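Here the structure is laid out as structure tokens; the discussion comes afterwards.
Readers should treat all values here as calculations from the given coordinates under stated rules, not as data from a laboratory. These figures come from a predicted structure and were not determined experimentally. All Cβ positions, even for glycine, are placed from backbone atoms using ideal geometry, and neighbour counts span all protein chains on display.
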Amino acid sequence: MNDDLFIEPSTLMSKIDNINLKILDATFYLPDSGLIAEEEYKKKHIPNAIFFDINKIADPNNSLPHMIPSKDLFSKMMQNIGLNKDDEIIIYDNSPFLSSARAWFLFRYFGHDKIFIMQGGVKNWENNGGNITNGNVVLEKGNYIASAERKELVVNLNEMILASQNKKNVILDARSKKRFLGEALEPRPNLPSGHIPNSKSLPSSDLINKEGYLKSKDEINQIFSNINVNTNDKIIATCGSGVSACVISIALFCLGKTDTPIYDGSWTEWASSGQEIKTN
């Protein structure tokens with residue numbers, strides 16, 4: 001396990017007043033959940049935490065959800081929520097599937113490596129004696145500048161079509177097994193369920209324990225072994241819209257595999273663009 005990536009509430013408590021520390025609440029809920037992440041944040045969050053809106057921190061010119069914005073736009077968005085280029089960033093979420101992995105992925109994509117995750121969300125924070133607050137944090141514009149654009153960490157539709165035709169690639173789908181098999185509806189209206197040809201099902205929920213923590217290194221290795229995946233192979237992670245795929249990416253990162261790309265358009269793009277859909 002890459003222990004440097006995760007921190008405990010006690011560590012966050014010890015540095016919470018550091019002016020070069022930014023705490024981000026990256027909670028995200030699926031469209032059919034009935035929950036609105038920003039409203040939940042306003043009711044209850046860690047002191048000084050800034051809401052990191054996964055829905056809005058995306059390319060506004062793309063009709064697909066959660067597509068990665070340009071380097072300049074990401075920089076501007078981070079400035080607008082008060083981030084600075086030298087900040088240490090700690091992310092948490094209250095989602096059932098570690099949505100903070102998406103925020104981690106975005107910062108990593110744009111070259112910001114001083115980033116950590118506190119797992120277990122507000123519940124874990126409170127269980128360890130942390131105070132909570134509500135409302136919005138007053139933000140001052142920051143000077144954040146994205147330092148890189150690691151395009152090798154993202155696969156587009158054309159690349160995904162080619163990957164699906166080459167059995168040397170391993171495509172792992174983080175959606176539920178029933179959505180993968182076409183037995184459950186997609187959370188987005190008018191989108192058929194099913195899966196990309198030659199892909200395998202690895203629900204992100206399988207990688208997370210009941211406390212909302214990523215499972216141990218041994219457990220993760222066993223999960224990949226159970227689905228006959230060699231982690232040394234070329235692996236591409238996909239999901240519904242590029243969020244839970246990042247859980248697969250972060251799990252592999254914790255095993256030392258730092259080059260796992262995600263298919264950013266994911267199932268929403270694949271199924272809405274007339275590509276072949278499998279259900280078995």
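Could you list, in their original order, any pairs among LYS177/LYS257; LYS178/LYS200; LYS85/LYS114; LYS151/LYS217; LYS56/LYS76 whose Cα atoms are separated by more than 19 Å? Too far apart for the 19 Å limit: LYS177/LYS257; LYS151/LYS217. For the stretch 162-202, the equivalent ellipsoid derived from the alpha-carbon gyration tensor has semi-axes of 21, 10, 7 Å in decreasing order.
Expressed to the nearest 5 percent, the antiparallel share of DSSP beta bridges inside the chain is 10 percent. Length available on full extension from ASP113 to ASN61: 0.36 nm per residue minus the Cα-Cα distance, which gives 16.0 nm.
What is the helix-to-structure angle for 100-109, meaning the angle in degrees between its Cα long axis and the longest Cα principal axis of the chain, kept from 0 to 90 and rounded to the nearest 10? Approximately 90 degrees, to the nearest 10.
FRET efficiency for the pair LEU139 and LEU5, taken as 1/(1 + (r/R0)^6) with r the Cβ-Cβ distance and R0 = 22 Å, rounds to 0.25. The spread of Cα positions in the stretch 82-218, taken along each principal axis and listed from longest to shortest, comes to 47, 38, 36 Å. Values of log10 I(q)/I(0) for the stretch 3-149 across q = 0.08, 0.12, 0.16, 0.18 Å⁻¹ run -0.20, -0.46, -0.84, -1.08, by the Debye formula with one identical scatterer at each alpha carbon and no solvent. Distances between placed amide hydrogens fall under 5 Å for GLY182 paired with GLY194, all partners being 5 or more residues away or on another chain. In the stretch 152-272, inverting the average of 1/r over every pair of distinct C-alpha atoms gives 14.3 Å as the Kirkwood radius. Projecting the Cα atoms of MET13, GLY240, PRO65 onto the dipole axis of the chain, where Lys and Arg carry +1 and Asp and Glu carry -1 at the beta carbon, places GLY240 farthest toward the positive end.
What FRET efficiency would be calculated for the residue pair LYS123, ASP233, taking the C-beta separation as r and a Förster radius of 22 Å, to the nearest 0.05? After rounding to 0.05, the efficiency reads 0.05. Roughly how far apart, in whole Å, are the Cα centres of the stretch 192-247 and the stretch 146-168? Taking the Cα centre of each part, the stretch 192-247 and the stretch 146-168 sit 17 Å apart. Calculated mean residue ellipticity, 222 nm, the chain: -7500 deg cm²/dmol, from DSSP H runs (n ≥ 4) at -39500 (n - 2.57) each, averaged per residue and rounded to 500.
For a Förster distance of 45 Å, can you work out the FRET efficiency between the beta-carbons of ASN280 and ASN80, rounded to the nearest 0.05? Computed FRET efficiency for ASN280 and ASN80: 0.45. For the residues VAL154, VAL243, VAL137, a GNM of the chain with alpha-carbon springs under 10 Å puts the largest fluctuation on VAL137.
Charge dipole of the chain (Cα centre as origin; +1 on each Lys and Arg Cβ, -1 on each Asp and Glu Cβ, all else neutral): 400 debye, rounded to the nearest 20.
Here the stretch 126-191 has an Rg and Dmax of 20.8, 52 Å, counting Cα atoms alone. The long axis of helix 245-254 is offset from the longest Cα principal axis of the chain by roughly 70 degrees.
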